[in-house]
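Below is one structure, written out as structure tokens; the observations come after it.
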Amino acid sequence: MKIGVLTGGGDCPGLNAVVRAIVKKAEKGGDTVLGIKNGWQGLVRGIVEPMTDFSVSGILPKGGTILGTTRTNPFKDEDSVQRCLSNYRKYGLDAVIAIGGEDTLGVARRFHETGLPMVGVPKTIDNDLAGTDQTFGYDTAVNVVTDAIDRLHSTAESHHRIMVVEVMGRDSGWIATAAAIAGGADYCVIPERPLDLEDLCNSLTHRRERGKEFSIVVVAEGAQSRDGQVVTQDTSVDQFGHVRLGGVGSWIAREIEKRTGIETRVTILGHIQRGGTPSAFDRIIATRFGLRAVDLVRERKFGRMVCLKGLDVSDVELPAVDQKKRAFDMDFFRDAEVFFG
């Protein structure tokens with residue numbers, strides 16, 4: 001069989017581990033792999049390259065994706081859809097393995113419904129993709145944020161400051177909550193619970209009154225105020241309708257300092273969370289996902305997505321474009337709340 005593989009959406013640690021596993025397993029079974037460059041854009045434009053064992057040598061610990069990625073949505077116009085269908089036939093593909101989040105996999109689902117054989121591999125560092133218990137990249141991101149919090153503790157304590165750390169999490173508090181627990185943060189703000197500035201400031205004030213002269217506050221970028229407002233960098237949107245988030249940490253830091261009189265600084269980790277080498281855990285999940293994706297192609301179980309259920313790698317239907325995200329576990333957040341203030 002001739003299998004196409006692409007990576008779409010935001011990059012994250014572990015993507016190359018998936019690609020490596022796909023190529024190695026395919027080659028050992030006599031199948032060939034074509035790497036589709038830059039997500040769905042590569043299928044639209046017909047930009048592909050043959051992949052061999054040599055192509056993926058040494059990429060297991062490498063961050064990002066050797067295939068490149070974009071946030072291209074071919075279903076934005078009919079011409080792009082037709083180009084994808086034409087290039088699929090032109091390169092003699094028998095199936096495409098799409099590695100990505102809800103947007104990339106939503107496109108794969110739509111192509112599957114048109115008759116193109118598609119298999120999905122879930123990817124999002126936010127860990128909020130429905131159908132799988134965990135996605136690769138999340139563990140690495142939590143480790144990066146935890147390390148940052150550890151480092152901020154020392155400078156916050158030295159200067160008797162409050163440090164606000166803004167982390168990724170458009171719709172979900174998984175990264176923020178996990179890092180808050182692991183890093184010993186004193187407060188955490190997540191999208192699932194509207195921000196109560198009065199409660200936050202009271203908590204930080206009471207902490208100082210007890211002799212704790214510094215505090216760490218973790219904020220997910222998608223955190224909302226009680227009126228449902230989110231902070232965005234601008235009003236432009238990508239091809240899937242998403243605005244660029246970022247800046248809520250700066251706003252919260254200003255409010256804390258204004259309301260408490262305590263010097264407050266902000267650190268926005270941003271894309272640092274996406275970069276760098278994947279953790280051992282993420283390498284293992286990503287590798288197992290890639291191996292299972294090839295199995296699904298060979299078994300002709302198209303329209304499916306590999307997933308993690310407990311410790312087992314299984315498969316479910318590709319997510320629909322309008323499918324709800326994986327719900328955040330508020331019990332997990334309540335565990336973190338024990339250590340606030």
Out of curiosity, is Val313 assigned to a helix (DSSP H, G or I), of a type in the set (A, V, I, L, M) and not assigned by TED's automatic domain parsing to the domain that holds Glu166?
no
Lone qualifier among Ala336, Ala280, Ala320 - being out of contact with any strand residue (DSSP E or B) (no Cβ under 6 Å at 6 or more places or on another chain) and either crowded, with 16+ Cβ neighbours inside 10 Å or modelled with pLDDT under 95 (or both)
Ala320
Residue pairs meeting the criteria (Cβ under 9 Å; at least 6 apart or on separate chains; first assigned by TED's automatic domain parsing to the domain that holds Val294, in the range 78-94; second crowded, with 16+ Cβ neighbours inside 10 Å and basic (Lys, Arg))
Val81/Arg110; Arg83/Arg45; Asn87/Arg45
Could you run through the range 8-38 and say how many residues are crowded, with 23+ Cβ neighbours inside 10 Å and closer than 21 Å to Arg298 by Cβ?
11
Sort out which residues of the range 18-72 are hydroxyl-bearing (Ser, Thr, Tyr) and touching a residue at least 60 places away in the same chain (Cβ under 8 Å), and write them in order of number.
Thr69, Thr70, Thr72
Looking at Gln229 and the list (1) modelled with pLDDT under 95; (2) at negative phi; (3) surrounded by 24 or more Cβ atoms within 10 Å (Cβ to Cβ), which single condition is not satisfied?
(3)
For Ile47, are the conditions met, namely being surrounded by fewer than 17 Cβ atoms within 10 Å (Cβ to Cβ) and modelled with pLDDT of 95 or more?
yes
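Quick grid of which residues meet (1) buried (at least 24 other Cβ atoms within 10 Å of the Cβ); (2) modelled with pLDDT under 95; (3) in a loop (DSSP other than H, G, I, E, B):
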{"position": "Gly169", "(1), (2), (3)": "yes, yes, yes"}
{"position": "Ala185", "(1), (2), (3)": "yes, no, yes"}
{"position": "Glu213", "(1), (2), (3)": "no, yes, yes"}
{"position": "Val218", "(1), (2), (3)": "yes, no, no"}
{"position": "Ala223", "(1), (2), (3)": "yes, yes, yes"}
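Please specify each residue of the range 265-294 satisfying the condition of being within 18 Å of Ala17 (Cβ to Cβ) and without any contact (Cβ under 8 Å) to a residue 40 or more places away in the chain.
Ala280, Ile284, Arg292
Here's the yes/no breakdown for (1) part of a helix (DSSP H, G or I); (2) buried (at least 21 other Cβ atoms within 10 Å of the Cβ):
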residue	(1), (2)
His153	yes, no
Ser158	yes, no
Ser172	no, yes
Ile175	yes, yes
Ala179	yes, yes
Cys188	no, yes
Arg193	no, no
Based on what the data block shows, is Leu6 part of a strand (DSSP E or B), under 26 Å from Val142 (Cα atoms) and not aromatic (Phe, Trp, Tyr)?
yes
Name every residue in the range 294-328 that is farther than 30 Å from Ala176 by Cβ and among the aliphatic types (A, V, I, L, M), in order of residue number.
Val294, Leu296, Val297
Conditions (1) crowded, with 19+ Cβ neighbours inside 10 Å; (2) under 17 Å from Thr277 (Cα atoms); (3) touching an Asp or Glu at 6+ places or on another chain (Cβ under 9 Å); number of the one not met by Gly63
(1)
Given (1) over 24 Å from Val96 (Cβ atoms); (2) within 17 Å of the chain's Cα centre (by Cα); (3) of a type outside the set (Phe, Trp, Tyr); (4) modelled with pLDDT under 95, where does Ser250 come up short, assuming only one miss?
(2)
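So which of Gly101, Gly92 ends up being under 21 Å from Val19 (Cα atoms) and at pLDDT below 95?
Gly101
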List pairs: first in the range 146-165 and closer than 18 Å to Arg254 by Cβ and modelled with pLDDT of 95 or more, second assigned to a helix (DSSP H, G or I) and polar (S, T, N, Q), Cβ under 9 Å, 6+ apart or cross-chain?
Arg161/Thr155; Ile162/Thr260; Met163/Thr155; Val164/Ser250
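The values are calculated or read from the model by the stated rules, or taken from the named source; none is laboratory data. Note that the structure is a prediction, hence the values are computed from the model and not measured. All Cβ positions, even for glycine, are placed from backbone atoms using ideal geometry, and neighbour counts span all protein chains on display.
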